[in-house]
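These notes are about the structure you will find just below.
The values are calculated or read from the model by the stated rules, or taken from the named source; none is laboratory data. Remember, predicted model here, so these are calculated numbers, not experimental data. Cβ atoms come from the backbone with ideal geometry, glycine included; neighbour counts cover every protein chain shown. Please note that ligands, DNA and RNA were not included when accessible areas were found on the heavy atoms of the full protein model with its side chains. Shrake-Rupley method; radii C 1.70, N 1.55, O 1.52, S 1.80 Å.
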Amino acid sequence: MDGLASINGLGSSYTDNVNPLDPEEFRRQGHMIIDFLADYYQNIEKYPVLSQVEPGYLRKLLPMSAPYVAEPVEAILQDVQQHIIPGITHWQSPNYFAYFPSSGSVAGFLGEVLSTGFNVVGFNWISSPAATELESIVMDWLGQMLQLPQSFLFSGNGGGVIQGTTCEAMLCTLTAARDQMSSKIGRDNIGKLVVYGSDQTHSALAKAANIAGINPKNVRAIKTTKSTSFGLSPESLQIAISFDEKAGLIPLYLCATIGTTSTTAVDPLGPLCDVAKRYGMWVHVDAAYAGSACICPEFRHFISGAEGANSFSLNAHKWFFTTLDCCCVWVKDPSTLIKSLSTNPEYLRNKASDTKQVVDYKDWQITLSRRFRAMKLWLVLRSYGVANLRNFLRSHVKMAKLFEELVASDNRFEVVVPRYFAMVCFRVLPSALCKFQNEYCDKDDVDQTHANEFNRKLLESMNASGRIYITHAQVDGIYMLRFAVGATLTEDKHVIMAWKVIREMVDTMLNTE
């Protein structure tokens, strides 16, 4: 007991008189944790990228109950090093190429420290005016960087809000669309409302629709094809809507995606919005991953046609160097969100809100409480500036192009779909496996099932090695490997090393099949 107390520098009465927010102790422990994290990043390449632990590992290592007597931060950090880090999949590793990036940065981390340090709960303007006003400002800044239509910005009677994730963005906008339509057709007709996306649209759409009370049978996943690079065809959308209208159903909401999860496919916004407009549908643009790239002029064309949409979202915590969570959502008509999501109990009433001259972000989201997320986005925008942010993104695209060229240089592999941004979808070709099948085959006569299984085993072997981490998708019957560049620490040498690992694994597997 005395030893623990002296380590913490708080004397023998530590357990009785400890101040949980002592400034000097905060300073001491804060420096210690920053140093710990700095060392972690210096050594991050030493760890297996994908955690190699077995399910339930941590329960075997930690006590069955919480400590009765306080423990020093030194002991806690020692356990973090010994027990927690082995169970982490290292998303910030330069050898991380899985899912989509969650790119970190010094500015993002320190913005999070400031946000957490102030620990304000900015549900309405009066609860912390700076939190609300800074969010409104940075959302206009980022909207301008994307060249979003003026109608999406506060300066054009629209507005932006920072939510947690795309799932929340979809649920909030879908709820607003539902209520807007219900005011015309009556709530009793909610069972007739139909939601549209493609078979590549994120599963968050179906989840949001279910929560919002849309009949699961009325959620359309319209088939895409390789001929359109798996983007949603406006003609297919029109056919689906016409079919539903003839059945007495009511088109409600379309989710168009810029950079789908499986292949980074791009839905053609302009033509899709034209179709939706004929039916008075709400169009939400999900640019969770690829929206960040659209601050670069050479990628801006991917969101051309956004002027026809009602809402737009991107995740700054994916490829914009801002820590999780930070989903940026813009709407043309904030009143639609407010009508659906607001509550005004007496205990939250105040003069500023009653004047209707301020933004109360509690009415733009699902929850009441909200974090000061704008702080970290503000630090990222100010610390790096538009020019550097564009260069960071371009460097990742350039590395993905390098990997694409390496894949193309080996005739055993193919790039399965076009590369638009910083992710390459590739696989070992069925024809490369022909000699290991029982009968003759060539490019036009191959066993797709065998190829899919080979690529699945290849993925498992690579990830089990701990040297790199990538993930997969299956589209149009083809099992492919997704190589997503975007970790902040990744350099050309890591891409080249990853390719070497992949080739070595394939060589070994082909020689042992």
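Efficiency by 1/(1 + (r/R0)^6): what FRET value for residue 493 and residue 184, r their Cβ-Cβ distance, R0 = 56 Å, to the nearest 0.05?
Values: r = 59 Å, r/R0 = 1.05.
It comes to 0.45.
Which value at 222 nm does the chain reach when only helices count, each DSSP H run of 4 or more adding -39,500 (n - 2.57), with the total divided by all residues and rounded to the nearest 500 deg cm²/dmol? Show your work: numbers first, answer last.
Values: 16 runs with 207 residues, N = 513.
Result for the chain: -13000 deg cm²/dmol, rounded to the nearest 500.
Rounding to the nearest 20 debye, state how big the charge dipole of the range 140-367 is about its Cα centre with +1 on each Lys and Arg Cβ and -1 on each Asp and Glu Cβ. Walk me through the numbers before you get to the answer.
Values: 20 positive and 19 negative charges, 84 e Å.
With only Lys, Arg, Asp and Glu charged at Cβ, the dipole is about 400 debye.
Please give the per residue accessible area of the chain, computed with a probe of 1.4 Å over protein heavy atoms only, in Å². Please list the in-between numbers first.
On the way: 23900 Å² over 513 residues.
Per-residue accessible area for the chain comes out at 47 Å².
So what is Rg over Rh here for the range 179-284, counting just Cα atoms and using Kirkwood for Rh?
0.95
Determine which aspartates and glutamates satisfy two conditions relative to residue 493: a Cα distance under 17 Å, and not lying fewer than 8 residues away in the same chain.
45, 404, 405, 504
Classify the range 240-312: rounded, prolate or oblate, from the alpha-carbon gyration tensor (a ≥ b ≥ c, eigenvalue square roots; a/c under 1.5 rounded; otherwise prolate if a/b is larger than b/c)? Intermediate results must be reported in sequence, preceding the final value.
Values: a/c = 2.82, a/b = 2.07, b/c = 1.36.
Verdict is prolate for the range 240-312.
Along each of its three principal axes, how wide is the spread of alpha-carbon positions in the range 383-512, in whole angstrom units, largest first?
60, 28, 23
State the Cα centre-to-centre distance between the range 248-277 and the range 187-214 in whole Å.
13
Please state the charge dipole magnitude for the range 383-512, taken about the Cα centre, from unit charges on C-beta atoms (+1 on K and R, -1 on D and E), reported in debye and rounded to the nearest 20. Kindly include the intermediate steps, with their values, before the conclusion.
Values: 16 positive and 16 negative charges, 144 e Å.
Rounded to the nearest 20 debye, it is 680 debye.
Per the Kirkwood treatment, what hydrodynamic radius in Å, one decimal, follows for the chain from the mean inverse distance over all distinct Cα pairs? Mind dumping the intermediate values first?
On the way: mean 1/r = 0.0394 Å⁻¹.
With all distinct Cα pairs of the chain included, I get 25.4 Å.
Which FRET efficiency, nearest 0.05, do residue 325 and residue 147 yield, Cβ-Cβ r, R0 30 Å?
Working: r = 25 Å, r/R0 = 0.83.
Working from the Cβ atoms, E equals 0.75.
From Cα pairs below 8 angstrom and at least 6 apart in sequence, can you work out the relative contact order of the chain, rounded to a whole percent?
Working: 896 pairs, mean separation 105.8, N = 513.
Relative contact order comes out at 21 percent.
Among 41, 260, 280, which residue has its Cα positioned farthest towards the positive end of the charge dipole of the chain, with +1 placed on the Cβ of Lys and Arg, -1 on the Cβ of Asp and Glu, and the dipole taken about the Cα centre?
In the chain, that residue is 280.
What ranking, highest mean first, results for peptides 381-387, 209-215 when packing means the other Cβ atoms within 10 Å averaged over each residue? Intermediate values should be presented prior to the final figure.
Numbers: 381-387: 14.3, 209-215: 18.1.
Per-residue Cβ counts within 10 Å, averaged per peptide and sorted highest first, yield 209-215, 381-387.
Given axes a ≥ b ≥ c from the Cα gyration tensor, I'd like to know whether the range 30-75 is rounded (a/c under 1.5), prolate (a/b larger than b/c) or oblate. Walk me through the intermediate numbers first.
On the way: a/c = 4.66, a/b = 1.13, b/c = 4.12.
The shape class here is oblate.
If we count every other residue with Cβ under 10 angstrom of residue 218's Cβ, Lys/Arg +1 and Asp/Glu -1, where does the sum land?
Once all neighbours under 10 Å are counted, the net charge is +2.
Quick check on the range 140-367: take the gyration tensor over C-alpha atoms, sort the square-rooted eigenvalues as a ≥ b ≥ c, and tell me if it's rounded (a/c under 1.5), prolate or oblate.
Working: a/c = 1.81, a/b = 1.15, b/c = 1.57.
It is oblate, given that a/c is not under 1.5 and a/b is not larger than b/c.
Which length gain, in nm to one decimal place, applies between residue 504 and residue 408 when the Cα-Cα distance is subtracted from 0.36 nm times their residue separation? Mind dumping the intermediate values first?
Working: separation 96, 0.36 × 96 = 34.56 nm, distance 1.64 nm.
Using 0.36 nm per residue and subtracting the Cα-Cα distance, I get 32.9 nm.
Just list whichever of 46/457; 207/398; 217/362; 207/401; 223/376; 192/339 have alpha carbons separated by over 29 Å in the model shown. Please report the intermediate quantities before stating the final value.
On the way: 46/457 24 Å; 207/398 35 Å; 217/362 32 Å; 207/401 34 Å; 223/376 39 Å; 192/339 22 Å.
Distance filter (> 29 Å) returns 207/398; 217/362; 207/401; 223/376.
With a cut-off of 20 Å, note down the residues of the range 264-279 whose backbone N falls inside the zone around a label point 7 Å from the Cα of residue 235 toward its beta carbon.
From the range 264-279, the list is 266-278.
For the range 444-513, build the charge dipole from Cβ charges (+1 Lys, Arg; -1 Asp, Glu) around the Cα centre, then report which of 469, 452, 489 sits farthest towards its positive end.
Most positive-ward Cα: 489.
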